[in-house]
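Worksheet for the structure shown next.
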Amino acid sequence: MSPKEDTDLQPDEHGDIVKEGYDKIAEKYYQDRDLFKNKKEIDDFIEQLPDDALVLDIGCGGGVPVLKLLVEKGFSAKGIDFSKGMLELAKKNVPEAELILGDVMKADFESESLDGIMSTYAVIHIHRSHHPALYLKIHNWLKQGGIMLVSTAKDECDEDYSTNDYYGAHMVWSHPPARESLQMIRNVGFEILFERQVTTGDETHLWILAKKN
Ligand SMILES: C[S@@+](CC[C@H](N)C(=O)[O-])C[C@H]1O[C@@H](n2cnc3c(N)ncnc32)[C@H](O)[C@@H]1O
């Protein structure tokens, strides 16, 4: 697909670009994804879960390091990703997990069926107009007392979304400022347990741990 004009992307077309982009760069992204500088945030999430937790990783990518860690901790883990290239890697890396090829915005897990839902570096690729619906879905899928960990951006992108060349693929990003993400998460009924800005290399992400009460 040739890149559309950056000024007229619809949210669904936006998703197609992300999916095709990750299909193209899956191997390169995965080879570079050895960092685990957000380990503290993941550990804090894990600490809140019961021993027999059922956990979902949204935009699980190649499954390493996050989904693999969840499995190693003894949890039942599911991963969803709409990039076939990324999910193929996850199947090799974490065969113990239940892996689903699909767009999280179209997915429908059973209400109140999951103990934990996490998403690392994926929400920033979902059009910001969809973020309230995404947080509402996550809230619905979690059991009472369930925990959500998401990384999103600290700053607002200039327009509704921004595009760039990412590992040689056309890529799209979309994120509101931190205060808006926090408000959306509170609005659907979560209690925020922490919000942390974590800098890795030249990027700063906002990590949010929240509980369904
Ligand atoms: C930057 S990668 C992060 C992968 C992994 N979470 C990690 O930490 O390495 C973002 C991933 O989110 C996936 N993704 C983005 N939007 C998605 C959506 N709407 N539904 C499912 N997967 C999505 C992409 O295909 C990609 O694999």
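The values are calculated or read from the model by the stated rules, or taken from the named source; none is laboratory data. The shown structure was predicted, so the numbers you read here are calculated from the model rather than taken from an experiment. Glycine gets a Cβ as well: all are built from the backbone with ideal geometry, and neighbour counts include every protein chain shown.
What to note about this one:
- Residues that are part of a strand (DSSP E or B) and either more than 16 Å from the ligand (Cβ to nearest atom) or at pLDDT below 95 (or both), drawn from the stretch 115-143: D115, L142, K143
- Selected residue (criterion: surrounded by the most Cβ atoms within 10 Å (Cβ to Cβ)) from residues of the stretch 57-71 that are near the ligand (Cβ under 7 Å from one of its atoms) and among the small types (G, A, S): G62
- In this structure, L87 does not satisfy being surrounded by 15 or more Cβ atoms within 10 Å (Cβ to Cβ), more than 25 Å from H131 (Cα to Cα) and of a type outside the set (D, E, K, R).
- Residue match in the stretch 72-79 (condition: of a type in the set (S, T, Y), farther than 24 Å from I192 by Cα and away from the ligand (no atom under 13 Å from the Cβ)): yes
- Unmet criterion (only one of (1) more than 15 Å from the ligand (Cβ to nearest atom); (2) buried (at least 22 other Cβ atoms within 10 Å of the Cβ); (3) assigned to a loop (DSSP other than H, G, I, E, B)) for G146: (3)
- Residue count, the stretch 122-133 (criterion: under 20 Å from K211 (Cβ atoms) and surrounded by 20 or more Cβ atoms within 10 Å (Cβ to Cβ)): 2
- Qualifying residue in the stretch 43-56 (condition: assigned to a loop (DSSP other than H, G, I, E, B), within 11 Å of the ligand (Cβ to nearest atom) and surrounded by 20 or more Cβ atoms within 10 Å (Cβ to Cβ)): no
- Of I117, I17, all but one fail to be in contact (Cβ under 8 Å) with a residue 60 or more places away in the chain and closer than 23 Å to S162 by Cα; the exception is I17.
- Here the stretch 80-101 is the region considered, the condition is being in a helix (DSSP H, G or I) and closer than 24 Å to G15 by Cα, and the residue that is farthest from the ligand (Cβ to nearest atom) is K91.
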